[in-house]
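The values are calculated or read from the model by the stated rules, or taken from the named source; none is laboratory data. Note that the coordinates shown come from a computational prediction; the quantities given were computed from them, not determined experimentally. Glycine also receives a Cβ, built like all others from the backbone with ideal geometry; neighbour counts cover every protein chain displayed.
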Amino acid sequence: MEKYDYLIVGSGIYGCVFARQAMDAGKKVLIIEKRPHVGGNVYCEEIEGINVHVYGPHIFHTKQKCIWDYVNKYAQFNRFTNSPLANYKGEIYNMPFNMNTFRQMWGVRTPYEAKRIIEDQRSAVRGKPRNLEEQAINLVGTDIYERLIKGYTEKQWGRPCTELPPFIITRLPVRFTYNNNYFVDRYQGIPIGGYNVLINKLIDGAEVILNTDYLDDREKWDETAEKVVYTGTLDSFYNYRFGKLEYRTLRFDTEYLPHNDNFQGVAVMNYTDRETPFTRIIEHKHFEFGRQEGTVITREYPAEWEESMEPYYPINDYKNSEIYAQYAELAVKEPKYIFGGRLAEYNYFDMDKVIESALETSKHELKPKA
Ligand code: UDP
């Protein structure tokens, strides 16, 4: 018996936005989630009054007013501005790459001097950049590539920069002003009270079942609803018939320091040398300008994904994109299933892009049928 209009598999941002839109259109929604909590990777856990981003730091940012207005309907956002630092063998540099970084790197003071140095160094690359290394050198020259990009990226992705796609690094802005704001987007912030506030509002009114893996009994779950919104990995949905997609995963080492009220003075410190085994340390209280007596820090260790680990980053190289395309061809032909989100779309999405995708699909899906 189909009791629900939509079964939503996975309670990350995609599933929760879809759920909200469906319920607002009068639909009945069941969400099943294999973890013991809702929210996917934006889930926060409170430790000593500090909202800890359990699955890595999430800083909301968007260029689009409609997406900003959407999230602000469900949570108030603070004015956190992401200005991470890079630590290369004890030397501190400002991120993203800007006049402060260039001054710290070369002692230059003017944009003209910085541009001349980069111009000189980028001549190492000829023609259109074919991989991340060439793209990075083309953007910022060899010095910054060697100290602030190469080690971090190779730790993060577990592959040489020459084998990674150029687009990964174009996420990072390069600018010739003294501006340490990581994002160029007009809107950014963190939900006051953490992401759980936003998620709980989005799913208000839905039935939720936790600790339950849809793939363990898909026939049974499929019968509960007319349509299924699936936000898990697409290769597992199709039983890996074209081979396994690869991901990078992360291990988080979280520590509460009761007698230290400010460990590093910034929310995000990247460790860009190759030898330090973690890529960054997050100090969570700074996301919400916390004034607690202690602090919580998390060291982030990237690793190659294996089954039973959490898949975080899709690896959009040639090999994996080919495999994904085969699964995607099957997926578009499924009348009962809707696939969406970072995992099902195998895409390195920011949160706003996930919301945009869920809003677009739900708009199309929920429009009154003629
Ligand atoms: N990156 C880097 N050095 C840094 C920070 C980032 O080389 O200090 C590169 C790295 O390749 C990374 C990419 O830029 O994968 C994108 O970084 P971003 O901070 O957007 O990654 P996320 O926060 O999504 O993990």
For residue 196, the lone unmet condition from (1) without any contact (Cβ under 8 Å) to a residue 60 or more places away in the chain; (2) away from the ligand (no atom under 12 Å from the Cβ) is (1)
In the stretch 249-286, anything aromatic (Phe, Trp, Tyr) and either at pLDDT below 95 or closer than 28 Å to residue 145 by Cα (or both) is listed as 252, 263, 271, 278
Filter the stretch 282-327 for residues that are away from the ligand (no atom under 15 Å from the Cβ), assigned to a loop (DSSP other than H, G, I, E, B) and of a type outside the set (D, E, K, R); the one that is surrounded by the fewest Cβ atoms within 10 Å (Cβ to Cβ) is 308
Note on the stretch 211-254: residues closer than 30 Å to residue 155 by Cβ, charged (D, E, K, R) and loosely packed, with under 15 Cβ neighbours inside 10 Å are 244, 251, 253
Taking the stretch 136-192 and keeping only residues that are near the ligand (Cβ under 10 Å from one of its atoms), surrounded by 16 or more Cβ atoms within 10 Å (Cβ to Cβ) and among the polar types (S, T, N, Q), one is left with 153, 156
Taking the stretch 172-193 and keeping only residues that are touching a helix residue (DSSP H, G or I) at 6+ places or on another chain (Cβ under 9 Å), over 11 Å from residue 80 (Cβ atoms), part of a loop (DSSP other than H, G, I, E, B) and not aromatic (Phe, Trp, Tyr), one is left with 172, 175, 177, 179, 180, 185, 186, 193
Handout entry: residue 351 being in contact with a helix residue (DSSP H, G or I) (Cβ under 9 Å, 6 or more places away or on another chain) and either surrounded by 18 or more Cβ atoms within 10 Å (Cβ to Cβ) or at pLDDT 95 or above (or both)
Key = yes
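So if I check each of 341, 265, which one is of a type outside the set (Phe, Trp, Tyr), buried (at least 17 other Cβ atoms within 10 Å of the Cβ) and in a loop (DSSP other than H, G, I, E, B)?
Result: 341 is the single residue among 341, 265 that is of a type outside the set (Phe, Trp, Tyr), buried (at least 17 other Cβ atoms within 10 Å of the Cβ) and in a loop (DSSP other than H, G, I, E, B).
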By residue number, the members of the stretch 220-241 that are within 26 Å of the chain's Cα centre (by Cα), touching a residue at least 24 places away in the same chain (Cβ under 8 Å) and part of a loop (DSSP other than H, G, I, E, B) are 231, 232, 233, 238
* Kindly indicate whether residue 129 is of a type outside the set (Asp, Glu) and at pLDDT below 95. => yes
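Is one or more of the residues making up the stretch 151-166 part of a strand (DSSP E or B), modelled with pLDDT of 95 or more and either in contact with a helix residue (DSSP H, G or I) (Cβ under 6 Å, 6 or more places away or on another chain) or aliphatic (A, V, I, L, M) (or both)?
no
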Reported set for the stretch 183-214 where residues are acidic (Asp, Glu) and within 23 Å of the chain's Cα centre (by Cα) is 185, 213
>> Given the condition within 16 Å of the ligand (Cβ to nearest atom) and closer than 16 Å to residue 355 by Cα, answer yes or no: does some residue in the stretch 52-59 qualify?
In response: yes
message: Quick check on the stretch 99-118. Is at least one of its residues crowded, with 18+ Cβ neighbours inside 10 Å, in contact with a Gly (Cβ under 6 Å, 6 or more places away or on another chain) and more than 30 Å from residue 198 (Cα to Cα)?
response: yes
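Residue-by-condition table, conditions (1) in contact (Cβ under 8 Å) with a residue 60 or more places away in the chain; (2) under 17 Å from residue 55 (Cα atoms); (3) not β-branched (Val, Ile, Thr):
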residue: 296; (1), (2), (3): yes, yes, no
residue: 326; (1), (2), (3): yes, no, yes
residue: 360; (1), (2), (3): no, no, yes
residue: 368; (1), (2), (3): no, no, yes
When every residue in the stretch 98-147 that is part of a helix (DSSP H, G or I) and of a type in the set (Val, Ile, Thr) is compared, the one nearest to residue 183 (Cα to Cα) is 101
